[in-house]
Amino acid sequence: MPAGSQWRKFLISGILLVLLMLQQIPRAWAVEAVLFEMADPKGDDFGPGTYLYPTGSVFDPKKGLFDLVKFKVTADERFYYFDTTMAKVTNPWGAPEGFSHPIINIYIDSAPNQGKTETFQEGAFVDLDSRHGWEYFIKVAGWNNTAIYEYHQPVTSKGQQKGIGVRLLDDGKTIRVKIPQGYLKNPENWYYYVLVGSQDGLGPDNYRQVMEKRTEWLFGGGTDTNYDPNVIDLLAPEKGDKSQKAQLGSYSLEKGTLAVISPVGADRKEVEEALKKIGKLARVEAEVKDVFSPILNKYPLARFYPVYIAAGTVVVIILLLGWVNFGKYFKNR
Ligand SMILES: [Ca+2]
Ligand SMILES: [Ca+2]
Ligand SMILES: [Ca+2]
């Protein structure tokens, strides 16, 4: 085999190995704690059971676009991740986040007997369980409208966006919001309300409205009042008195009351166990940082240590396997 071809082969395998290690090192160190996970029935993107998609072709295939199938909350040492998986995600209007249709509202009850039972702004047209008022509201929407709000903030507040990331994951169906942990307290107490609507920049609280008759741009199967919810899918069990149909159908035109929705939550002990795992890791990481920070301050290039480790490993492997005879290579040039 000519030396040139051998050298190219070696170079390519070396580069691949380095890339692989660069990816794997941080991944192996990242510990993910699952704080909550729940599936939602497929095919219930119909509000209280009667809602119909708008007729416009942009809503094709008229199903799945607002169908929540899974909600998962995880944490690492620095962030909370809220993952909402939909049956189908399309991006006809090219939102930078990767999704144009759903607007997801996550209300979190983090402390008993306080918080708010009305939604942050009027738009979803639902009220929250009086025992589980919300302290935090995460609005997940395209075109840089994703933000976190606290219950005591005025409705004119723009919320907090700094450090918050939102994107469509590689599966093409999961919308992930990443929030720095400083924004949210008491994860062991969290209860969640997860509401999925259709984003409409002109609608109330950016919700596309549900009317009695559907049109090109509006949902049908509801009423022309502001009492039927604009929520198309709600995270809820399939059956029983807490089913989505029962919850979203609990509004009353006669009494003039909104539907009251209930939250879901994890077992407190399990959440505490999960959090302990990250706590330990964070402590180890802090200790390592303490040791290395003087070195890093003095030699800033030291922070590229995974590159050095990977490159060193490549060289060692090459020498061990005797793939390339360096002396011969340089002599032949
Ligand atoms: Ca669903
Ligand atoms: Ca509360
Ligand atoms: Ca549901």
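Here, each number is a calculation from the coordinates, and none is a lab measurement. Given the structure is predicted, the values throughout are model-derived calculations rather than measurements. All Cβ positions, glycine included, derive from the backbone under ideal geometry; neighbour counts span all protein chains shown.
The angle between the Cα long axis of helix 305-321 and the longest principal axis of the Cα atoms of the chain comes to about 50 degrees, rounded to the nearest 10.
Between Leu253 and Gln160, the contour length at 0.36 nm per residue exceeds the Cα-Cα span by 29.9 nm.
Would you please put 8-16, 127-135 in order of how densely packed they are, using the mean number of other Cβ atoms within 10 angstrom per residue and starting with the highest?
Details: 8-16: 12.9, 127-135: 18.7.
Taking the mean over residues of other Cβ atoms within 10 Å, the ranking is 127-135, 8-16.
Only one residue of Phe125, Met38, Tyr53 has its Cα farthest out toward the positive end of the dipole of region 15-146, where Lys and Arg carry +1 and Asp and Glu -1 on Cβ, and that residue is Tyr53. Compared with the dominant principal axis of the Cα atoms in the chain, helix 268-298 is inclined by about 40°. For the chain, treating each Cα as an identical point scatterer without solvent, what Debye log10 I(q)/I(0) comes out at q = 0.06, 0.12, 0.15 1/Å? Treating every Cα as an identical point scatterer, log10 I(q)/I(0) equals -0.31, -0.87, -1.20. At 222 nm, what helix-only mean residue ellipticity would the chain give, in deg cm²/dmol to the nearest 500, using -39500 (n - 2.57) for each DSSP H run of four or more? Calculated mean residue ellipticity at 222 nm is -9000 deg cm²/dmol.
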